Amino acid sequence: MPDGSITKTAMLEISDLHGFYGESHVLHGVSLEVRQGEVVTLLGRNGAGKTSTMRAIMGIMGKRTGSIRFQGQELIGMAQHRIPRLGIGYVPEERGIFSSLSVDENLTLPPVIKEGGMTVEQIYDLFPNLKGRGSTQGTRLSGGEQQMLAIARILRTGATLILLDEPTEGLAPVIIEQIGVAVRALKQRGFTIVLVEQNFRFAATIADRHYVMEEGHVVDMIPNDQLDANMDKLHTYLGV
Amino acid sequence: MFDLLGVPPQVLFGQLLLGLINGSFYALLSLGLAVIFGMLNVINFAHGALYMVGAFVAWLLLNYLGLGYWWALFLAPTVVGLVGMVLEKTMLSRLYKLDHLYGLLLTFGLALILEGAFRHQYGVSGQPYPIPDLLKGGQNLGFMFLPNYRGWVVAASLIVCFGTWFAIERTRLGAYLRAATENPVLVQAFGINVPVMVSLTYAFGVALAGLAGVLAAPIYQVSPLMGSNLIIIVFAVVVIGGMGSILGAILTGLGLGLMEGLTKVFYPEASNIVVFVVMAIVLLIKPAGLFGRER
């Protein structure tokens, strides 16, 4: 059963994805795959198409061509609100904490779409900072706490694939450490995670594989255990 | 009998009641406008016309189907809500990506069409609508006489307004609404069908106007122009309260009604413009409105 084995291993399969915002062509043939239980990062400079790839998966993009398959189902052409209901949770770069909602309301806003999500208690164990803050206005939390809340609210829903867009951006090292602990815990729980990161040192502590993007497509794939050997190449890609 | 500042209490309280009743309609209408503006970013100029349609649906139900006030109280807002949903799906939804101005122009045109159609059919003179039997008569409160129907209008509109406020600010459904008002794209990315929510919000907002129309039918007459007389003041109320603020719309509506009533007692000449004077002052001091947030 060759087909069966492919759907078993590749949870998310993107091939020759082109994406457009209005007239501007931002994704130029992205191809990548993510297997069940893996943590995969998208590395690349600003404007390389990392965030756009995530938005394309969620359907938040004017026009897409090519193919995005999640557990065998084609997402291109699917109604936008149905995509998350397949079990995909999205944590946007800007975090998207709602200022007119309390922390509790933010946490319970995304509807539960499948069984097997984490309970609020388990979420508080993972992010103790959020405990006891329920009635606080969402945007009164610190940047790090808002990031934790943005991740936390996806964990309740039963989503199995999580798209994390730059969870460490603008945060202090001690908070980044906490986020790292949480992401590793999620991996152990069996979540599949796609992570956009500028900070590849952080990425290296978590990920199984790294896709390097440039000018709207994937130019390289580096398994995490070969990261050291490829450091020069990576520096060239990222311009650091 | 004692006088207050040289005014007999019957006159004072009579005008305050009148003000409270006007204020109830301001509150119901501006609440609908605020809900619609918050979610759709559309300044719904058709609101007054849909209020008129609500009153006419009540009148038509009574005269053609023999269905009385209590039926109308339920059916007219439903009809107006459905009309609203059709308008949203077929026309308004095409304008969200454009400037506010287009929504305003479209709804203004719709208001003219609706009013013109009813005027053509029924003329400009008002049609009488009877007070339901259950609410005829009144209570003597000692300091004033309170007609039962007017008391009912104030109570009903307060219940609906604060019920709506509670539903939006304190329930899960309301949390979706608030979140979608802030960031519809992200709410959609959580798996909620935002376009359907937007349609239902518009339907609900105009259904409130339809309900106000039914409540108004026995007090004012049912006339094609009843909405356009009211809507200008209601827009002033919305501006004073702050665009999109739910509580602001309710409190400002009631407050300005009362203020109008008081002006009628103490300086009647100014009663028609007091709302606009207040609007000018509020805009000078707090451009976002009393309850509005700066954007």
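Being within 14 Å of another protein chain (Cβ to nearest Cβ) and under 19 Å from B:Ala46 (Cα atoms) narrows it down to one of B:Val187, B:Val206, B:Val198, so name that one. Please lay out each step first, then the result.
Working: B:Val187 fails: under 19 Å from B:Ala46 (Cα atoms); B:Val206 fails: within 14 Å of another protein chain (Cβ to nearest Cβ).
Just a single option satisfies the conditions, and that option is B:Val198.
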Just to be sure I understand, how many residues within segment B:16-65 are within 17 Å of B:Ala111 (Cα to Cα) and small (Gly, Ala, Ser)?
7
Does segment A:19-26 include one or more residues that are farther than 19 Å from A:Thr160 by Cβ, surrounded by 14 or more Cβ atoms within 10 Å (Cβ to Cβ), out of contact with any Ser or Thr (no Cβ under 9 Å at 6 or more places or on another chain) and among the hydroxyl-bearing types (Ser, Thr, Tyr)?
no
Can you name the number of the only condition in (1) surrounded by 20 or more Cβ atoms within 10 Å (Cβ to Cβ); (2) within 14 Å of chain A (Cβ to nearest Cβ) that B:Gly174 fails?
(1)
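Being of a type in the set (Lys, Arg) and free of Cβ contacts under 8 Å to residues at least 24 places away in the same chain is the requirement here; does A:Lys233 meet it?
Yes: the conditions hold for A:Lys233.
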Can you tell me which residue is farthest from B:Pro128 (Cα to Cα) among those in segment B:43-61 that are surrounded by fewer than 24 Cβ atoms within 10 Å (Cβ to Cβ) and touching a Ser or Thr at 6+ places or on another chain (Cβ under 8 Å)?
B:Ile43
Which one of the conditions (1) more than 9 Å from chain B (Cβ to nearest Cβ); (2) in contact (Cβ under 8 Å) with a residue 40 or more places away in the chain; (3) closer than 30 Å to A:Ser52 by Cβ; (4) surrounded by fewer than 20 Cβ atoms within 10 Å (Cβ to Cβ) does A:Glu115 fail to meet, given that it meets all the rest?
(3)
Is one or more of the residues making up segment B:54-71 modelled with pLDDT of 90 or more and within 27 Å of B:Leu95 (Cα to Cα)?
yes
Is it fair to say A:Gly138 is more than 8 Å from chain B (Cβ to nearest Cβ), touching a Leu at 6+ places or on another chain (Cβ under 6 Å) and closer than 21 Å to B:Thr171 by Cα?
yes
When segment B:15-42 is checked residue by residue, the ones that are of a type in the set (Phe, Trp, Tyr) and closer than 22 Å to B:Gly261 by Cβ are B:Phe25, B:Tyr26
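So, A:Asn129, is that one more than 13 Å from chain B (Cβ to nearest Cβ), under 19 Å from the mean Cα position of the chain (by Cα) and surrounded by fewer than 22 Cβ atoms within 10 Å (Cβ to Cβ) or not?
Working: more than 13 Å from chain B (Cβ to nearest Cβ): yes; under 19 Å from the mean Cα position of the chain (by Cα): no; surrounded by fewer than 22 Cβ atoms within 10 Å (Cβ to Cβ): yes.
Judged against the criteria, A:Asn129 is not a match.
Quick check on my filter: what residues within segment A:79-97 are at the interface with chain B (Cβ under 7 Å from one of its Cβ atoms) and under 16 Å from A:Glu115 (Cβ atoms)? Walk me through it before giving the result.
Of segment A:79-97, the ones at the interface with chain B (Cβ under 7 Å from one of its Cβ atoms) are A:80-81, A:84-85, A:90, A:92, A:96.
A:Pro84, A:Arg85, listed by residue number.
Each row is one residue, and each column tells you yes or no for (1) under 22 Å from the mean Cα position of the chain (by Cα); (2) within 22 Å of B:Ala216 (Cβ to Cβ); (3) aromatic (Phe, Trp, Tyr).
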| residue | (1), (2), (3) |
| --- | --- |
| B:Leu12 | no, no, no |
| B:Tyr26 | yes, yes, yes |
| B:Leu29 | yes, yes, no |
| B:His47 | yes, yes, no |
| B:Asn63 | no, yes, no |
| B:Leu75 | yes, yes, no |
Condition (residue is within 30 Å of B:Ala180 (Cα to Cα) and acidic (Asp, Glu)) applied to segment B:274-295: is it met by at least one residue?
yes
Heads up, the helices (runs of 4 or more DSSP H) in segment B:180-295 (entirely inside) with at least 3 residues that are surrounded by fewer than 22 Cβ atoms within 10 Å (Cβ to Cβ) are B:194-216, B:226-241, B:246-266, B:274-285
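The values are calculated or read from the model by the stated rules, or taken from the named source; none is laboratory data. Just so it is clear, the model here is predicted, and its values are computed rather than measured. Cβ coordinates were reconstructed from backbone atoms using ideal geometry, including for glycine residues, and neighbour counts include every protein chain displayed.
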